[in-house]
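Asks: Encoded as C-alpha cells, here's the structure I'll be asking about.
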Amino acid sequence: MSRILGIDLGTTNSLIATMDNGVPRVIADPDTGETLLESVVAIAPDGAVRVGRAAIELEPHLSREKDGRVSAVGFPGGEYGAVVRSVKRYMGLGGDEVAPEEQSRYTFADLSGPVVRFQIGKRAFTPPQISAEILGALKNRAERALGEKVERVVITVPAYFNDGQRQATKDAGRLAGLEVVRLVNEPTAASLAYGLNKLAEGNVAVYDLGGGTFDISILSIKEGVFEVLATNGDTHLGGDDIDHALVDWILADLPEQVRTDRHVWNSARRVAEDAKKRLSEADKVDLQLELPGHTIRKTLTRDALEKSAQPLIKRSLDRCELALKDANLRPGEIAAVVLVGGATRMPLVRRRVAEMFGRDPLCSLNPDEVVALGAAVQAGVLMGTQGDMLLLDVVPLSLGIETMGGVMERLIHRNTTIPTSVTENFTTAVDNQTHVDIHVLQGERELANDCRSLARFKLGPIEAQPAGLPRIAVTFLIDANGILNVSARDERTGREHSIDVKPSYGLTDEEIERMLEEAIDLGEQDLEQRLLIVARNDAEQILGALRKQLGEFAGLIEPGERARLEEEAERLDAARRTSDRDLISKLVEELNELSTPFAGRIMDFAIKQALEKKSVEEVS
Amino acid sequence: MIECLSCGRRQQPQLTCESCGAPLGVDLDCFAAFALPRKLTIDSAALERAYHDLSRRIHPDRFAQSAPRARDASLRSTALLTRSYRTLRDPIARGLYWLELHGQKLAENNKAVPPDLAALVFQVQEELEELRDANGSGAQRLRERTMSRRTGLEQSMAALQGDLAANFKRWDEGGDQAALTIELKSVLSRIAYLRTLIRDLDRALENLQAA
C-alpha cells in the first residue's frame, strides 16, 4: 500500500509532511524550496485556479504603478473572479452563520442554504471545493518531490471543530482525490511531534493560536500513550482577528465606503500583518498605506498592539481555565506547556501563557511546522511503523437529542474519549405511528435552540402498533475522527432499520459526486480553449468598466484622452471576437496601461469626495 | 458462542479473540470488557494500565490498513472499552452501573430530596438567590460566603465518597444484597444532590465573574 502523508490544512498556511525512517519531515516544493503554502486560492471567471503566492498576487489590492500612480489591481470578486483567503473560517458553516462584517469581504451566491457558497464567475463554489484546491496543490507538490503517487492522507483540524466542520474537511479531501484515513486534532498532533522526541511528558498543555482558530488541549503522555484529558477552544479566534482590529485602526479616519472597498481593505490588512510581525522584534514600527492621492502614515507601538490583542488573549486564557477544570487539574500540575501556531510568536502571548501556567512554554519546534510534523507521526502510527505509540483523543462538544419541550438531552458528554458509542431506545407516542423523528444536536447549552443542529433522522417505517410498544434501539457512534455515525435496530424483530439522514449543514453525498464530475469536466477541457476564454473575459471586463467610467466620470477626462481610449477599446472589441488569444491579451494589457491614469483620477475623486462628505458631517 | 471474524475460532464472547487477539466487536458488560470479576472495589492504577494495554491492541489506528470488517470490529470493541473504562474509573458511575446490573435505578429524576438534605438544599438555593440579586460591595461578601459554602459541600462530598467505598467493600465481602442495595441507593442519591448543588454554585460564581 502507498504511504500515508500528513497535512496541516491551516487558515493561513498549509503544509504536507512525511515520515522518513521514523523522523517526520516537512516536504518542500522541489522547484521553489518553499515549505509553507499560503492557504489562498484565486479563481478566475472561467474557473482557472491558482493557489498560494500566485493567488496572493491576484488578491484585490492597491499597487503603485511605474508612473507613480496608485491603482486598484487583482480579482475584485464575483463575476470578475475572486481570491479567497482563510477559507477554513467558512468550512462547515451554513449561509446564515456568516458574520455580518465578513459578508462584505466576498461575493456570496446564497446566504440562506445549508452551505456557504462563494460566487465566482458564473459558478458558485463551496468552502470544501476551495479547500480541495489547497489540498490538490499540496498533493501535487508531494508527488513531484517524492516521485510517487499520493493517495492517502491524515489531515489535521482544530480540536474544537464540530461535526459539520470535520465532515466538510473530509469532503475537501475527497474532492481533491484523496482518501482521508484520519482527521487528527491540531494540538494533539503537535503533542505527538513533541512527545516523539520525549520533549514533553506527563501532563502537557498545548496552546494553539493559529490564524483563525484557537485550541487548548490538556493531555497525559505516558509510555507512548497520548491521552487527551480535555479540550476547549474557539473556532473563530486567531491571529486574523488581531490583524482585523489593526485594519480598523489604520482605516479609522476614512469613510465607510472606502474602508470596505476590497482593494483598500486588503492592502490595509497586508500592512497590518506586516507591522504585527515586525513588532515581535521591534518596540515600535512606522507603517504606511498608499491610497490614490492620499497616504496614511501611522506609528504602531508594541504597547498599542498588545492593548488591542489583550481582549482576544483573555478569551483564550478563559478557555484554558475551562479545559483545566474539565481535566480536573490545577495549573501547577501541568508538567509542560507547548506553543503552536504563528500567533504564539507574539511576546505578549508567551508572557500571558507563562503567567497562567507558572512555567515557560516550550517552543523548540517551529510553531508553523509542528502540526504538520505531528500529522506525519500519526500517519506513521496508522501505517504501523511507530511501535506502541497510540493517540486517545476526545470529542470536543457534547452530543445529544432534542426532547419534549425543546430541551437538549446529552447522550455523549464533551471530552469523552473517542471512539465511543451510546445506545438509546425510542418508541412511538401515538397508535400506529409509522415514523419517529430524531433531531441530533451538538453543544453545551440547555435548550435545543441554543445548540447547533447536526442532523435530523427519520426512523421507520415502523409496523403499525399501539403507542409505546415498538422498541427501536438507536446507536450513536462517534468514530476516531470525531464524526457521528448512526445505526438503528428494531429490538423485537432484530431487524436493522433504515435511517434517512438530513444533515442540517454541509453537503450531501450526491452533491459531492456532482462536484467530482464537474471537476473532471473542467480538467478535460482543452487548456488553450480555457486560456482563450480567460482572455475574452478579461477583455469584456475591462471594456465594460471603461465604458461605464467614460460615461460617469466624463469630467475627469483630459483633452484627447477620450479619443485615444475609445480607439484602443475598439481595437480590443474587434480582437475579442477572433480566436487570437495572444492579440487579445496584448490589447487588454495596452488598454489597461492607457486607462490607468484615468482610473487613478476616479479613485482620487471618490476618496476626496468621501472625505469631504465626512468632514461636512462632522461639522454639522 | 461466537466466531472470530479473523481466524474462525469459536469461543465465549469476550473483548479479543483468545486465539489470534483480534477484537471481536461483540457487546459485553463493563466488567467483562476488562475481563474483571464483578467486584466493586477496583484498583484505579491497574485499571488505567489495562485500558492502555488493551487500547494499544484493539484501537482503530491499529487497523487502518485492514479489511472493512476488521476495522468495524475494532471500532465497536474500542467504543465498548472506552465506555467501560469511563464507567468503572469513576466510583459514582460504577455504583450507578452496579444498580443497573441488579435491575435497579435511582428514582426517576431523583425527585424526592433525602430528608436530611432538604434543609441544606433549601438554604443553598436561598443563598444563590441573594447572590444573583446582589450588587456592589455586598456582592463580594456574598461571593465569599458562596465560596466557603462550596468548600463545605466538597467536604460532605468527600465523606459520602468514603461511605460509597465502604458500601463497595461490603458488597465484595458478600453482605446482604437487599440492605446493601438500599444503602447504595441512598448514598448515590445524596451524592447526586450534592453534585447538583456544587454545579449550581459554580454556575452562579461563573455568572458573577462574567457580569
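The values are calculated or read from the model by the stated rules, or taken from the named source; none is laboratory data. Predicted model only: the values in this text are computed from it and were never measured. A quick note on method: Cβ atoms are made from the backbone with ideal geometry, for glycine too, and the neighbour counts reach across all protein chains shown.
Asks: Among the residues of the stretch A:66-85, count how many are at pLDDT 80 or above and on the phi > 0 side of the Ramachandran plot.
Replies: Residues that pass the stated criteria total 2.
Asks: Does the stretch A:59-75 contain any residue that is away from chain B (no Cβ under 14 Å), free of Cβ contacts under 8 Å to residues at least 12 places away in the same chain and not basic (K, R)? I'd like the intermediate steps shown before the answer.
Replies: First pass over the stretch A:59-75, keeping only residues away from chain B (no Cβ under 14 Å): A:59-75.
Then keep just the ones that are free of Cβ contacts under 8 Å to residues at least 12 places away in the same chain; that gives A:63, A:66, A:68.
If we keep only those that are not basic (K, R) too, we end up with A:63, A:68.
Yes, the conditions are met somewhere in the stretch A:59-75.
Asks: Now a separate question. Can you pull out the residues in the stretch A:72-93 that are small (G, A, S) and more than 22 Å from A:I134 (Cβ to Cβ)?
Replies: Selection gives A:A72 alone.
Asks: Follow-up question, since we're still on this one. How do the pairs read when you match residues in the stretch A:244-260 that are at pLDDT 85 or above with residues anywhere that are among the aromatic types (F, W, Y) and buried (at least 16 other Cβ atoms within 10 Å of the Cβ), using Cβ under 7 Å and keeping only pairs 6 or more apart or on different chains?
Replies: A:V247/A:W265
Asks: Can I ask one more? Within the stretch A:98-118, which residues are surrounded by 16 or more Cβ atoms within 10 Å (Cβ to Cβ) and in contact with a Leu (Cβ under 9 Å, 6 or more places away or on another chain)?
Replies: Within the stretch A:98-118, A:V98, A:P114, A:V115, A:V116, A:R117 qualify.
Here is a yes/no grid of residues against (1) more than 24 Å from the chain's Cα centre (by Cα); (2) farther than 24 Å from A:L348 by Cβ:
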| residue | (1), (2) |
| --- | --- |
| A:L178 | no, yes |
| A:R182 | no, yes |
| A:N185 | no, yes |
| A:S191 | no, no |
| A:G195 | yes, yes |
| A:E201 | yes, yes |
| A:A205 | yes, no |
| A:G212 | no, no |
| A:S217 | no, no |
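Asks: Would you check if A:D67 is loosely packed, with under 15 Cβ neighbours inside 10 Å, in the same structural domain as A:N13 (by TED's automatic domain parsing) and more than 30 Å from A:P503 (Cα to Cα)?
Replies: When the stated conditions are applied, A:D67 passes them.
Asks: Hey, can you tell me all the residues within the stretch A:212-236 that are surrounded by 22 or more Cβ atoms within 10 Å (Cβ to Cβ) and either outside the structural domain of A:V40 (by TED's automatic domain parsing) or under 15 Å from A:S86 (Cβ atoms) (or both)?
Replies: Residues satisfying the conditions are A:G212, A:T213, A:F214, A:T235.
Asks: Taking the stretch A:417-451, which residues are within 29 Å of the chain's Cα centre (by Cα), buried (at least 18 other Cβ atoms within 10 Å of the Cβ) and either more than 30 Å from A:V225 (Cβ to Cβ) or within 14 Å of another protein chain (Cβ to nearest Cβ) (or both)?
Replies: Passing the criteria: A:T417, A:I418, A:P419, A:T420, A:H439, A:V440, A:L441, A:A448, A:C451.
Asks: Within the bounds of the stretch A:173-192, is there any residue that is surrounded by fewer than 22 Cβ atoms within 10 Å (Cβ to Cβ) and away from every other protein chain (no Cβ under 14 Å)?
Replies: yes
Asks: Any idea how many residues of the stretch A:456-488 are more than 14 Å from chain B (Cβ to nearest Cβ) and at negative phi?
Replies: Count: 17.
Asks: Here is a follow-up. List the number of the failed condition for B:N167; all other conditions in (1) more than 17 Å from the chain's Cα centre (by Cα); (2) surrounded by 12 or more Cβ atoms within 10 Å (Cβ to Cβ); (3) modelled with pLDDT of 85 or more; (4) not small (G, A, S) hold.
Replies: (1)
Asks: To continue, here is another question. Collect the residues in the stretch A:360-396 that are over 27 Å from B:Q65 (Cβ atoms) and in a loop (DSSP other than H, G, I, E, B), keeping them in residue-number order.
Replies: The answer is A:D360, A:P361, A:C363, A:S364, A:L365, A:N366, A:P367, A:D368, A:P396.
Asks: Turning to a different aspect of this structure: So which of B:S66, B:S77 is within 13 Å of another protein chain (Cβ to nearest Cβ) and surrounded by 17 or more Cβ atoms within 10 Å (Cβ to Cβ)?
Replies: After ruling out the rest, the residue left standing is B:S77.
Asks: Still on this structure: Scanning the stretch A:233-261 for residues that are of a type outside the set (A, V, I, L, M, F, W, C) and in contact with a Ser or Thr (Cβ under 8 Å, 6 or more places away or on another chain), which turns out nearest to the other protein chains (Cβ to nearest Cβ)?
Replies: Only one residue tops the list, namely A:D234.
Asks: Going through the stretch B:15-46 one residue at a time, which ones are outside any loop (DSSP other than H, G, I, E, B), closer than 22 Å to A:A480 by Cβ, within 21 Å of the chain's Cα centre (by Cα) and without any contact (Cβ under 8 Å) to a residue 60 or more places away in the chain?
Replies: B:A33
Okay, residues lined up against (1) of a type outside the set (G, A, S); (2) outside the structural domain of A:G177 (by TED's automatic domain parsing); (3) at pLDDT 75 or above; (4) under 30 Å from A:F426 (Cα atoms):
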site: A:R492; (1), (2), (3), (4): yes, yes, yes, yes
site: A:I499; (1), (2), (3), (4): yes, yes, no, yes
site: A:S504; (1), (2), (3), (4): no, yes, yes, yes
site: A:L507; (1), (2), (3), (4): yes, yes, yes, yes
site: A:I520; (1), (2), (3), (4): yes, yes, no, no
site: A:R536; (1), (2), (3), (4): yes, yes, yes, no
site: A:A539; (1), (2), (3), (4): no, yes, yes, no
site: A:L543; (1), (2), (3), (4): yes, yes, yes, no
site: A:K548; (1), (2), (3), (4): yes, yes, yes, no
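Asks: Another question about this same structure. For the stretch A:117-166, give me the residue count where each residue is more than 26 Å from A:V340 (Cβ to Cβ) and in a loop (DSSP other than H, G, I, E, B).
Replies: Number of matching residues: 7.
Asks: Among the strands (runs of 3 or more DSSP E) contained in the stretch A:172-267, which hold 2 or more residues that are in contact with a helix residue (DSSP H, G or I) (Cβ under 7 Å, 6 or more places away or on another chain) and more than 30 Å from A:M1 (Cβ to Cβ)?
Replies: Hits in the stretch A:172-267: A:202-209, A:214-222, A:225-234.
Asks: Mind checking which residues of the stretch A:1-18 are more than 23 Å from A:M91 (Cβ to Cβ) and either more than 14 Å from chain B (Cβ to nearest Cβ) or buried (at least 23 other Cβ atoms within 10 Å of the Cβ) (or both)?
Replies: A:T18
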